[in-house]
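Enquirer: Got a structure for you, written out below as C-alpha cells; questions coming shortly.
None of the figures in this text is laboratory data; all of them are computed from the coordinates on show. Just so we're clear, the structure is a prediction, and the values are computed from it rather than from any experiment. Because the Cβ atoms are built from the backbone with ideal geometry, glycine has one as well, and the counts that use them run over all protein chains shown.
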Amino acid sequence: MVKERSLIRNAAVVGAGTFLSRITGLIREILVSSMFGASWVTDVFFVAYTIPNLLRRLFAEGALSTSVIPVFSQYSEKSHEESQKFIYSIFTGLTMVVSVVCMIGMTFSPWIVEMVGVGFRSEPDKIQMAINMTRIMFPFLLIISWSALVMGILNTLHIFSWSAIAPVFFNAGTILTLLLLRAYAGPYSLAIGVLVGGVGQFVIQLYPFYKKGYVLRFFRKFWHDPGFREVIRLMLPVTLALAVGQLNTLVDRIIASTCQEGAVSALYYADRLLELPLGIFGIALSTAILPSLSQLVFKNNPQEWNNTFTQGIRLVLFIMIPVTSYLAIFRNEAIRLIYERGMFDSVATQMTAQSLLFYVPGLVFFSMNHVITKAFYSLKDTVTPVRISVIMVGINVILDLILVRYLGFSGLALATALVAVFNCIWLFFSLKRKHAFYEKDRTFYSWLVKIVILNLFFIGLCWGILPVVQNLQSTLSLLAFFGISLIIFSLIYVLLSQLMGLKEGKSIWSFMLRKLVGKG
C-alpha cells in the first residue's frame, strides 16, 4: 500500500528541490529586472524565448519525461540489460528528432519572430535582436531534452532529489553568465545564459544516473525496441496536448505585444512569481505521484491507485487554497520585495501586481490539472487530455479577445485562470466517465466544507495584518515579514486543521516532527 506519508515525503523532496530552484530563479529574475527592467529589451528577450521554451515543454519536461515513466516502470521490473537497451533507444531517437527541430528553428527564426512578436514588426531593431536571440537559444532544446530523459529515469527509480535541484544549476549558469558577460554581450547575455544554464541542468543529473549503472549511448537499431515505440505512441498525443496548451501562452504573448510597453514583461514576471508555489507544491505532488500510479496500474491494483490519487487531490487543495489567499492578499508587497529595484520601478510593480491578481484565482486549478493529467498518463490514456486541451485553446482565445478590451493586458491573465477552472472540471468528469480505476470520494464534500471554514479564518488573519505590512518600506523589513509569517501562518494552519480532524494536517505535522528529530 502506498502510504500518504510516503507521498508527502516524495513530494517534499521534489518540493524542497523545487523551492531552491524557484528561489535561485527569483534571484535570476531579480538580476534581469534590475539590469533591464520591464522594458523593450526584456519584451524582446521574452518573445525570443517563447518558442524554444515552448518546445522545451513539449519535447523535454512535458511529453518526454511523462511518457518515459509509465514504460520504464515496466522495464525496471525486468533485467538491467533490457532497461539499458531501452535507454539507448530513447536517447538515440530523441537526439535525432530534436536536432532536426533545432536546425529548422534556427533557419526559420525570422518567420517565427515575426509571428510571435506582432507588435515589433514596425521596429526592425527589435525584430533583428529577437531573431539573433532565438537562434542562440535553440540548441538549449536538445540539451534540456537529454536532461528530461535522465530525469524521467531517475524519477521512475524514486530518485527525486537530483532532478529536483537540477534547475538550480540552470539558474546558476544564467546568473553567472549575466554577471560575467553583460558588459561584453549586452542584452545577448540573456540568451547565452539560457544555453549555459541548460548544460548545467543536464550535467548535474548524470552522477546518480551513472551510479545506478546506466549510460547514454547511441544505438543503431533504436526503432526496433518495443519500449521506444511505446514511448512514441504515448508521447505523440501528450506532445499535441502540450502544444495545444502552450498555444494559450503564445496567443497571450502575441496579444500582449500589442498592448502598452512592458505588458509582456509584467505578465511574465507575474507568471514567474505564480510558478513559485505551483512548482513547490502542485508540480511537486504530480511529479511524485506519477511513478506510484504507473506502478499500481502495472500491478492492476485499482483500489490503491484510487487511494493514492485521492490523497494527491486532497493534498493539493489543502495546501494550495491558503497559498492562493496569501499570495492574493500580499501580492503588492511580494512584488516590491522581489522585483522593485534598479530599472524596475513602481509603475512596473503596479502592472505586475495587477497581472498577478488576475492569475491567482487559477492557482489551485493549475495544480489540480497537473495531478489529474498525470492520473490519465498513468493509465496510458494520453488522448483524452488532448481533446480537452484543444477545446480549451478555443475558449482561451475567445476570452482573451473579450477580456483584453475591458481589462487590458490583465484580461489575458484572467482568461488563463478561467481556462484552468474549465479544464479541471472537464478532466474530472472525463476521468470518472472513462476509467474504472477512479471512484468518487464520497467524503469529499464534507471534507471540503472543513477546508473552506479553515481558510476563511486564514483569510481573516491575513487581512488583519495587511495594514501593518503595507507600511513596511525597507527590503529587510519585508523579507523578515514574509519569512516569519510563512512559518507562523503555516504552523497555525496545520494545527487548526488537526483540531478540525483533517488527516492531511496530521500527516504533514507528523512528517515535520519526524524530520525535526531526524527519523526520516
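Enquirer: In whole Hz and in residue order, list the ³J(HN,Hα) couplings for region 481-496 that follow from phi through the Karplus curve 6.51 cos²θ - 1.76 cosθ + 1.60, θ = phi - 60°; x for Gly and Pro.
Expert: For region 481-496, the Karplus-derived couplings read 4, 5, x, 6, 5, 4, 5, 5, 4, 5, 5, 4, 4, 5, 5, 5 Hz, x marking Gly and Pro.
Enquirer: Rounded to the nearest 0.05, what FRET efficiency do ILE391 and TRP111 have when you use their Cβ-Cβ distance and R0 = 30 Å?
Expert: 0.60
Enquirer: Put a dot 7 Å past each Cα toward the Cβ at LEU407 and PHE422; how far apart are the dots in nm?
Expert: Inter-label distance under the simple model: 1.4 nm.
Enquirer: Please tell me the relative contact order of the chain in percent, rounded to the nearest whole number, where contacts are Cα pairs under 8 Å and at least six residues apart.
Expert: 21
Enquirer: With a Förster radius of 35 Å, plug the Cβ-Cβ distance of LEU476 and LYS440 into 1/(1 + (r/R0)^6) and report the FRET value to the nearest 0.05.
Expert: Taking R0 as 35 Å, the efficiency between LEU476 and LYS440 is 0.10.
Enquirer: Hey, got the dipole for region 40-260? About the Cα centre, +1 on K and R Cβ, -1 on D and E Cβ, debye to the nearest 20?
Expert: The dipole magnitude comes to about 400 debye.
Enquirer: Could you work out the helix-only [θ] at 222 nm for the chain, with each DSSP H run of four or more residues adding -39,500 (n - 2.57) and the total divided by the number of residues, to the nearest 500 deg cm²/dmol?
Expert: -27500 deg cm²/dmol
Enquirer: Still on this structure, please answer the following. Positive end of the dipole of region 40-260, charges at C-beta (+1 Lys, Arg; -1 Asp, Glu), about the Cα centre: which of VAL47, SER189, PHE86 has its Cα farthest in that direction?
Expert: Projecting each Cα onto the dipole axis, the largest value belongs to PHE86.
Enquirer: What is region 337-440's relative contact order, in percent, from Cα pairs under 8 angstrom and six or more apart in sequence?
Expert: 35
Enquirer: Fewest Cβ neighbours within 10 Å first, please rank LEU401, LEU290 accordingly.
Expert: With the fewest neighbours first, LEU401, LEU290 line up as LEU401, LEU290.
Enquirer: Of the listed values [x] 33, 31, 22; [y] 42, 33, 28; [z] 36, 29, 23, identify the label whose number matches semi-axes √(5λ) of the Cα gyration tensor in Å calculated from this model.
Expert: [x]
Enquirer: Here is a follow-up. Can you compute the modelled spin-label distance between ASP345 and ARG233, with each label point 7 Å from Cα toward Cβ, in nm?
Expert: Using points 7 Å along Cα→Cβ, the separation is 6.0 nm.
Enquirer: Kindly put LYS126, LYS434, LYS374 in sequence by how many other C-beta atoms sit within 10 Å of each C-beta, fewest to most.
Expert: LYS434, LYS126, LYS374
Enquirer: Here is a follow-up. First check a/c for region 376-430, with a ≥ b ≥ c the square roots of the eigenvalues of its C-alpha gyration tensor; if it is under 1.5, answer rounded, and if not, answer prolate when a/b is larger than b/c or oblate otherwise.
Expert: prolate
Enquirer: When Lys and Arg each count +1 and Asp and Glu each count -1, what net charge do the other residues less than 11 Å away from HIS435, Cβ to Cβ, add up to?
Expert: +2
Enquirer: Based on Cβ point charges of +1 for Lys and Arg and -1 for Asp and Glu, what charge dipole magnitude is obtained for the chain about its Cα centre, in debye rounded to the nearest 20?
Expert: The dipole magnitude comes to about 1420 debye.
Enquirer: In terms of Cα to Cα distance under 30 Å, which lysines are near enough to LYS212, apart from those fewer than 8 places away along the same chain?
Expert: LYS3, LYS78, LYS85, LYS221, LYS299, LYS374, LYS380, LYS515, LYS519
Enquirer: Separate question: Short version: ³J(HN,Hα) in whole Hz for each residue of region 372-380, in order, from phi by Karplus 6.51 cos²θ - 1.76 cosθ + 1.60 (θ = phi - 60°), x for Gly and Pro, what are they?
Expert: Coupling constants for region 372-380: 5, 4, 5, 5, 4, 5, 5, 8, 6 Hz.
Enquirer: Here is a further query. Among the listed pairs LYS432/LYS506; LYS450/LYS506; LYS211/LYS506; LYS440/LYS506; LYS434/LYS506, which are separated by more than 25 Å between their Cα atoms?
Expert: In this structure, LYS432/LYS506; LYS211/LYS506; LYS434/LYS506 lie more than 25 Å apart at Cα.
Enquirer: How big is the Cα convex hull of region 40-260 in projection, averaged over all directions, in nm²?
Expert: 12.5
Enquirer: About its Cα centre, how strong a charge dipole does region 189-267 have in debye, to the nearest 20, once Lys and Arg get +1 and Asp and Glu get -1 at the Cβ?
Expert: Magnitude of the dipole: close to 600 debye.
Enquirer: Relative to the present Cα-Cα distance, how much length would full extension add between TRP463 and HIS80 at 0.36 nm per residue of separation?
Expert: Additional length available on full extension: 132.2 nm.
Enquirer: For a Förster distance of 35 Å, can you work out the FRET efficiency between the beta-carbons of ALA16 and TYR188, rounded to the nearest 0.05?
Expert: 0.55
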